Structures are given as C-alpha cells and as structure tokens.
Amino acid sequence: MQIELIETFLDLCHTQSFNRTAERLGITQSTVSGRIKALEANVGRRLFQRSRSGTALTTEGLRFEPHARALRHSWVTALHAARDTAMAGVTMRIGVQHDLVGLHISPLINQFRAALPDIVFFFEADYSPQMCQDLISGVQDIAVLYSPQVHPDLHFENLGDVSYVMVSTTAKALNEVAPETYIFANYAPAFTHAHAAMLPTLNNVSLSIGQNAAMVELLTSLSGTAYVLRRSAEGLVDAGTCHYVADAPVITQPVFAGVNLRNRHRASYRRLMRQLVSQFETARIERSGVRSVPQ
C-alpha cells in the first residue's frame, strides 16, 4: 500500500498548493505532482483541477477525500496494532480544548511522556467539534474536550469538570451588573444552557466571546463583567483588575476524554486515558483547597 500517495493527496486538499505541500512534506514539487498523477492513475479519475487561482478538488476528488481519510485512519490503526508492544517512533496527536491548555497541558505532557517514553507526542489546542471530526477521521488520537459528539465510532469518558466564576471591573453584586457592559461567555453548549437557566436576563447582550484567554484580555484592556475560569478569576482579582460578583452562581463545565472506538481497548490508549483521569482527579482535590468566591 503506497500510503504516501494518500498522505500527499490529503495534505494537498488542505493546502491547495503544490508548493506548500512540498514544503510541508519535505519533498520536491515534482515529487508531489508525480504522486498525485500516480494516485489519479490508480483511481482512474482526475482528482485536482489546477488553474491560475490555485488548486482545487474536482467533483471526483471531493467524493474521494472522505474515503482517503478513512484509508489513512485504517493504516494508522493497523500500524499501532502491529507496534502496540514496541511503539518507538510512533506519533500520537493529542487535542486539548482551548480553555484547558493553561490549566492542564504541562502536567499532561510530563505524565504522557513518562507513561510512554518512546512515543512522539503532538499537542494542539482546538475546539470540540473539530476535535471530534479529527478523532473520527484518524487525524487525532485522543482529545480532551467540552462537547462530545454522538457518533458510533467515538468513545468518551467523563473526567470531571472545571469552574467558571463571574468577575467584574465595576459590579460587586448581580443587581449592579448592567447588560450593556456584560460580555457573554460562549464557551460550550453546556455552559450556554446553564447560563440561560441561571441568568436569563443576561443572555441577550451585544458582545460574546468564545475563549477564556480572550475574555481575560478583554477585561484587562477594557472593562465589563464576564465569566472566566476560576484560576483566571483569581489572577484578575489579585492583580486588582476585577473583583468577584459575590452572589453570582458558579457555572461548572464537564470535561471529557475522547478516542476512536477502534482504539478504546488498546493498551497504550488505556494507559493515557488513566493518566487523564488521574490528572483531573488531582486537579479536583487541589480545587477543594482553594479559596472560594466571597458570598
């Protein structure tokens, strides 16, 4: 199986540039062209259309792409199965929800490397919908996310939750929060539903942010009231930038670990899933000892 033909095809789907694909794969442009021609010859159809505006998939190419991703996923799964007892040099891609990077990435890297020292790990921050799609296609091996997607090929385990706290540059109580200066936190569907149930008068506002780091930056540079992660809230309060809105409810967001169902029971994946459970359990115990929001 000439998997390099599939890899080159999928990379070109992403870059839409023979030059960029050559640079990314460390090969020449003529090699990229040769591989695509060989694949098209095998398929019996033209997969790309080249023009002055760039490179685009033909109708046949669009139909072939999901099957190419499935082929790559099957190939990677087969390699992992064959190498499960000797996985030196194998790369595992780990996706982490954007808001969790600052909280958990360093301990996870250390624990994963200690558990599987011969594995090459690639960590990247992303949002739940894309990570679920990447798990399905085989682009990603494990994802730590907020919003699991129901799919027959995916398996999820609940790791626990994180807490979001309301802070403000002006208000100290809920009755002082003005809707015109309130910034809605659109972190995940579960968070949005909880917010709607607890704070219905603050749902229809003019500004919304979908990432904790961006919300912290906005509160620091401008002013207003918003929900941020508890650790971020502590930093803003300690810096004198914000204070807690004392009677605002704490909103918890569940966190899940996801894998493709094919990998659920494989030894290396189970080992990493246990590390994730342990990491979040440790974080839960640590949170039980932190100072609470003033009431």
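Give the range 237-268 a look and list any residue that's under 25 Å from the mean Cα position of the chain (by Cα) and among the aliphatic types (A, V, I, L, M), or say none.
Within the range 237-268, 250, 251, 255, 257, 259, 261, 267 qualify.
Residues in the range 179-214 that are among the polar types (S, T, N, Q), closer than 17 Å to residue 253 by Cβ and part of a helix (DSSP H, G or I): how many?
2
Can you tell me how many residues within the range 133-160 are assigned to a loop (DSSP other than H, G, I, E, B), open to solvent by less than 20 Å² (accessible area, probe 1.4 Å) and either out of contact with any Ser or Thr (no Cβ under 8 Å at 6 or more places or on another chain) or closer than 16 Å to residue 247 by Cβ (or both)?
Number satisfying all stated conditions: 2.
Go through (1) open to solvent by 60 Å² or more (accessible area, probe 1.4 Å); (2) closer than 30 Å to residue 132 by Cβ; (3) touching a His at 6+ places or on another chain (Cβ under 9 Å) for residue 172 and report which single condition fails.
Evaluating residue 172 over (1) open to solvent by 60 Å² or more (accessible area, probe 1.4 Å); (2) closer than 30 Å to residue 132 by Cβ; (3) touching a His at 6+ places or on another chain (Cβ under 9 Å) leaves (2) as the failure.
Quick one: residue 214 ticks every box in (1) open to solvent by 30 Å² or more (accessible area, probe 1.4 Å); (2) within 26 Å of residue 272 (Cα to Cα) bar one, so which box is it?
(2)
Under 15 Å from residue 2 (Cα atoms), modelled with pLDDT of 80 or more, of a type outside the set (A, V, I, L, M, F, W, C) and open to solvent by 40 Å² or more (accessible area, probe 1.4 Å), is that true of residue 69?
yes
Report, by residue number, each residue of the range 105-132 that is surrounded by fewer than 18 Cβ atoms within 10 Å (Cβ to Cβ), small (Gly, Ala, Ser) and part of a helix (DSSP H, G or I).
Matches in the range 105-132: 106, 114, 115.
Out of the residues in the range 237-295 meeting the condition of being in a helix (DSSP H, G or I), of a type in the set (A, V, I, L, M) and surrounded by 13 or more Cβ atoms within 10 Å (Cβ to Cβ), tell me which one is modelled with the lowest pLDDT. Let's see the steps before the verdict.
Filtering the range 237-295 down to residues in a helix (DSSP H, G or I) leaves 237-238, 261-263, 267-287.
Add one more test, that the residue is of a type in the set (A, V, I, L, M), and what stays is 237, 261, 267, 272-273, 276-277, 283, 285.
Now restrict to residues that are surrounded by 13 or more Cβ atoms within 10 Å (Cβ to Cβ): 237, 261, 272-273, 276-277, 283.
On the way: 237: 96, 261: 87, 272: 90, 273: 90, 276: 89, 277: 86, 283: 66.
Residue satisfying both the conditions and the ranking: 283.
Restricting to the range 188-205, name every residue that is crowded, with 19+ Cβ neighbours inside 10 Å and farther than 30 Å from residue 262 by Cβ.
191, 195, 202
Within the range 220-233, take every residue that is part of a helix (DSSP H, G or I) and closer than 21 Å to residue 97 by Cα and give me the one that is most open to solvent (accessible area, probe 1.4 Å).
The extreme case among them is 231.
Based on what the data block shows, is residue 163 closer than 19 Å to residue 253 by Cβ and either open to solvent by 10 Å² or more (accessible area, probe 1.4 Å) or among the polar types (S, T, N, Q) (or both)?
yes
Report, ordered by the first and then the second residue, all pairs with beta carbons closer than 9 Å, sequence separation of six or more or different chains, a first member in the range 18-33 that is in contact (Cβ under 8 Å) with a residue 24 or more places away in the chain, and a second member that is in a helix (DSSP H, G or I) and among the charged types (D, E, K, R).
Hits for this filter: 32/11.
Given the structure, is residue 159 touching a residue at least 12 places away in the same chain (Cβ under 8 Å) and over 19 Å from the mean Cα position of the chain (by Cα)? Before the answer, list the steps.
Working: touching a residue at least 12 places away in the same chain (Cβ under 8 Å): yes; over 19 Å from the mean Cα position of the chain (by Cα): no.
It is false that residue 159 is touching a residue at least 12 places away in the same chain (Cβ under 8 Å) and over 19 Å from the mean Cα position of the chain (by Cα).
The values are calculated or read from the model by the stated rules, or taken from the named source; none is laboratory data. The structure presented is a predicted model; accordingly, all values stated were derived computationally and were not measured. Cβ coordinates were reconstructed from backbone atoms using ideal geometry, including for glycine residues, and neighbour counts include every protein chain displayed. These area figures cover heavy atoms from the full protein model, side chains too; ligands, DNA and RNA do not enter into them. Shrake-Rupley method; radii C 1.70, N 1.55, O 1.52, S 1.80 Å.
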